[in-house]
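The values are calculated or read from the model by the stated rules, or taken from the named source; none is laboratory data. What you are looking at is a predicted structure, and each value in this text was computed from that prediction instead of being measured. Reconstructed Cβ throughout: ideal geometry from the backbone, glycine too, with neighbour counts over all protein chains shown. Quick note on the areas: whole protein, heavy atoms, side chains included, nothing else; ligands and nucleic acids left out. Shrake-Rupley method; radii C 1.70, N 1.55, O 1.52, S 1.80 Å.
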Amino acid sequence: MTDKYDMPDARGHFGPYGGIFVAETLMPAITELNEAYQHYIKDPEFLAELDADLRDYVGRPSPLYHAQRWSDHLGGAQIYLKREDLNHTGAHKVNNTVGQALLAKRMGKTRIIAETGAGQHGVATATVAARLGLECVVYMGAVDVERQALNVYRMKLLGATVVPVQSGSKTLKDALNEALRDWVTNIDDTFYIIGTVAGPHPYPAMVRDFQAVIGREARQQCIDQAGRLPDALVACVGGGSNAIGLFYPFIEDKAVKMYGVEAAGDGVETGRHSAPLCAGRPGVLHGNRTYLMADDDGEIIETHSISAGLDYPGVGPEHAWLKDTGRANYVNITDTEALAGFHTLTRMEGIIPALESSHALAYTTKLAPTMRKDQIIIVNLSGRGDKDMHTIMQREGISL
Amino acid sequence: MSRLSTKFAELKASGRKALIPFITAGDPYPEFTVPLLHEMVAAGADVIELGVPFSDPMADGPVIQRASERALSHHVGLRKVLSMAIEFRKTDQTTPLVLMGYLNPIEIMGYEDFANAAQRADVDGVLTVDLPPEESENCVALLRERGIDQIFLLAPNTTAERIQKMHQVGSGYLYYVSLKGVTGAGHLDTADVDQKLQLIRANTDLPVGVGFGVKDAETAQKIAAIADGVVVGSALISKIEANLDDPQQAKHEIIALLKSMRQAMDV
């Protein structure tokens, strides 16, 4: 790999990964989207409006917080938390939905659709749709509707129609299938806001570019607060949007190590997990080539994670490329370890993290003690944990 | 000349149109499929599209999704479908057989292994829903070397430029999906299809099959009047779904529907 990083190529390839693998009906819509995106991402007026929305509506910049007590407790590297949980709607997802909604408006689309797993992206989409007065339909696996009831209610309050998806494993991948079917059917007036760095080109690059504000801010904040760049970055990876958002602005900073944390569920060795980069193989799903969880016949395997937002059998193609080139390391954390990470941060720092982010925190508890006290880790605290109270209470046998 | 080219040339010479039924392999159970294929040929099918079940059929409506789920519950995947193709060929050496499905099973098997296996099974064409021409180069080359046609989809919003691209990389026939949407949806507008066919024909001389929305003898007749082939899928699979407790009845109804279509198309 050269020092200069300029992925993807014009057709959306990250090495062998990415690309456009969709049914013919979607091709014109994807071409239209790509042309609009390539135009507006360089348009000063669009970028000024986006910056203003991120500042005044989302509440950016999000703080970079030195978790001193937790760092001291672990006795190793200094841990800084990038507080995406403090964004409007409580997670990093809104960075992307604000951007794509502005694009939808510029393209004259009147109807927004989205898929959601944990419900964070669905809420973030319903939020921007409400603000712009656009019709909004969110597809959500029936299993996720059950375990994320609070977010379902939030979306409904915001005026969105939430469609429970009953096909397949009734989780995020099936919601994505159903959203694609809707898009094919209503292609003229509908804009599909994908919530992660997956899907056909230009989605992986576009969502990355909207999320890269996380890493740009964190890089500058770290220099301002600590006088230098961090030594390591840690973020959870489901589809991988919060991780790419943090990693991307550091890719050319070769000394900065990157750790993407996948969900090991019951443990990678049990087969009941959501860790395609750690234990999957390359294939094609949802419009791009990437690492997947598939059996020998190429059928997609059902995934398992306590965290609905990580319960996805694929991963963004750029992560596949960063894995193969060795630029980023991909590790995994079990449900049990993630829960321990959840409690640790809550009790040590008075911050209740999302279960997704808890995977990154749990890995940090392993990584920090192996580093020196003058070294720095930035962890992406991608979302807040309010939505997970029900799941955690159920898991720990608590009732109110 | 491939079996598909031969078949379409013969049909053209006799002034007839191709009747192309689609069914999902292994639905409702594996042993049902090969005998049904033979009976469909006897009922007047010219080309068979055999669906390879996939866990995530993104371009399919509920009817074909459920067919995939039923087949997958019997573990019918790409390898099993290839073995069904071998069995079919034992007693039918003339009817073109096209495998239709999604790319991932082929990716996981590997393009070259798949091309070899398809050749061994004497498959005539491969239609991969989520493999547009831009990404198809490697796969098409391997299939072409083995005399297997790669069939591409055309949609109502496909441009002339893209039709030319399909013409370059595709062979056998092109499959025009007459509706924006998933399989099994909506109603067919013959005038729209006719108009689009003119654009398609201006850019390719490959035969064009039309599908999505073909439900009965009447729609089959209308499409046959303007296209080279009529594809019927969800309407057949609905018969399986309506008779899950009596698959022989399903077969009976499928054959009756195909015969009525054949008759209407040949008038």
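Kindly identify the range A:179-290 as rounded, prolate or oblate by the Cα gyration tensor criterion: order the square roots of the eigenvalues as a ≥ b ≥ c, call it rounded if a/c is under 1.5, otherwise compare a/b with b/c, prolate if a/b is larger, else oblate. Verdict is oblate for the range A:179-290. Around the amide H of A:VAL165, modelled in the peptide plane, lie the amide H atoms of A:MET140, A:GLY141, A:ALA142, all under 5 Å away and 5 or more residues distant in sequence or on another chain. Working note: 222 nm ellipticity from helices only, DSSP H runs with n ≥ 4, each -39,500 (n - 2.57), summed and divided by the residues of chain A, gives -12000 deg cm²/dmol to the nearest 500. Counting only protein heavy atoms and using a 1.4 Å probe, the accessible area of A:ARG181 comes to about 10 Å². Shown are B:ASP245, B:ASP60, A:ASP72, whose ranking by accessible area with a 1.4 Å probe and every protein chain present, most to least, is B:ASP245, A:ASP72, B:ASP60.
A dipole drawn for the range A:1-47 from +1 and -1 charges on Cβ atoms has a positive end, and of A:MET27, A:TYR37, A:PRO8 the residue lying farthest that way is A:PRO8.
Only Cα pairs under 8 Å and 6+ residues apart enter the sum, and on that basis the relative contact order of the range B:79-183 stands at 24 percent.
Loop-located trypsin sites (Lys or Arg not before Pro) across the range A:236-333 with a Cβ neighbour count of 12 or fewer within 10 Å are A:LYS254, with loop assigned by DSSP. Each Lys and Arg Cβ is given +1 and each Asp and Glu Cβ -1; about its Cα centre, chain A then shows a dipole of about 880 debye. Normalised per residue, the accessible area of the range A:322-392 is 36 Å², obtained with a 1.4 Å probe and no contribution from ligands, DNA or RNA. Rounded to 0.05, the FRET efficiency of the A:MET107 and B:GLN195 pair, given R0 = 22 Å and the Cβ-Cβ distance, is 0.25. Summarising the amide proton neighbourhood of B:VAL230: residues at separation of 5 or more, or on other chains, whose placed amide H is nearer than 5 Å comprise B:ALA18, B:LEU19, B:ILE20, B:VAL210. Loop-located trypsin sites (Lys or Arg not before Pro) in the range A:4-113 (DSSP state not H, G, I, E or B) with no more than 15 neighbouring Cβ atoms inside 10 Å: A:LYS4, A:ARG11, A:LYS42. Computed on the range A:325-390, the Cα convex hull volume stands at 108 Å³ per residue. Derived scalar couplings between HN and Hα for the range A:343-354 equal 5, 4, 5, 4, 7, 7, 10, x, 10, 8, x, 5 Hz in order, rounded to whole Hz, by the Karplus curve 6.51 cos²θ - 1.76 cosθ + 1.60 (θ = phi - 60°), x for Gly and Pro. For the residues A:ILE194, A:ILE113, A:ILE30, a GNM of chain A with alpha-carbon springs under 10 Å puts the largest fluctuation on A:ILE30. Surface exposure of the range A:5-73, expressed per residue as accessible area with a 1.4 Å probe, stands at 47 Å².
Take every Cα pair under 8 Å whose residues are at least 6 apart in sequence, average their separation, divide by the length of the range A:26-117, and the relative contact order is 24 percent. Solvent-accessible surface of the range B:1-150, taken per residue with a 1.4 Å probe and all protein chains present: 35 Å². Taking all protein chains together and rolling a 1.4 Å probe, B:ASP246 ends up with roughly 70 Å² accessible.
Largest first, the residues B:TYR29, A:TYR80 sort by 1.4 Å accessible area into B:TYR29, A:TYR80. For A:ASP224, the accessible surface of its heavy atoms amounts to roughly 110 Å² (probe 1.4 Å, protein chains only, rounded to the nearest 10). Taking a quarter of the surface of the Cα convex hull of the protein assembly as shown gives a mean projected area of 29.2 nm². Among rounded, prolate and oblate, which fits chain A when a ≥ b ≥ c are the square roots of the eigenvalues of its C-alpha gyration tensor, a/c under 1.5 means rounded, and a/b larger than b/c means prolate? Rounded. Taking the Cα centre of the protein assembly as shown as origin and assigning +1 to Lys and Arg Cβ atoms and -1 to Asp and Glu Cβ atoms, the resulting dipole is close to 720 debye. Contact order for chain B, expressed relative to its length and based on alpha carbon pairs under 8 Å spaced 6+ residues apart, stands at 22 percent.
Express in whole angstrom the spacing between the alpha-carbon centres of the range B:186-217 and the range A:182-242. Distance between centres, Cα-based: 41 Å.
The magnitude of the dipole of the range A:197-236, with charges of +1 and -1 set on the Cβ of Lys/Arg and Asp/Glu and taken from the Cα centre, is near 60 debye.
Considering all C-alpha pairs of the range B:147-194, those separated by over 18 Å amount to 36%.
Other residues within the sphere of radius under 14 Å centred on the Cβ of A:ASP144, judged by their own Cβ, net out at -3 (K and R +1, D and E -1). Projecting the Cα positions of A:HIS121, A:TYR203, A:PRO164 onto the charge dipole of the range A:117-234 (unit charges on Cβ atoms of Lys, Arg, Asp and Glu, taken about the Cα centre) puts A:HIS121 furthest along the positive direction. Taking a ≥ b ≥ c as the square roots of the eigenvalues of the alpha carbon gyration tensor, the range A:270-338 is oblate, as a/c is not under 1.5 and a/b does not beat b/c.
Keeping every protein chain in place, order B:ASP27, B:ASP192 by accessible area at 1.4 Å, biggest value first, i.e. largest first.
The ordering from most to least exposed comes out as B:ASP192, B:ASP27.
Among the listed pairs B:LYS165/B:LYS251; A:LYS170/A:LYS387; A:LYS109/A:LYS173; A:LYS109/B:LYS180; A:LYS173/B:LYS222, a Cα-Cα separation exceeding 28 Å is found for B:LYS165/B:LYS251; A:LYS173/B:LYS222.
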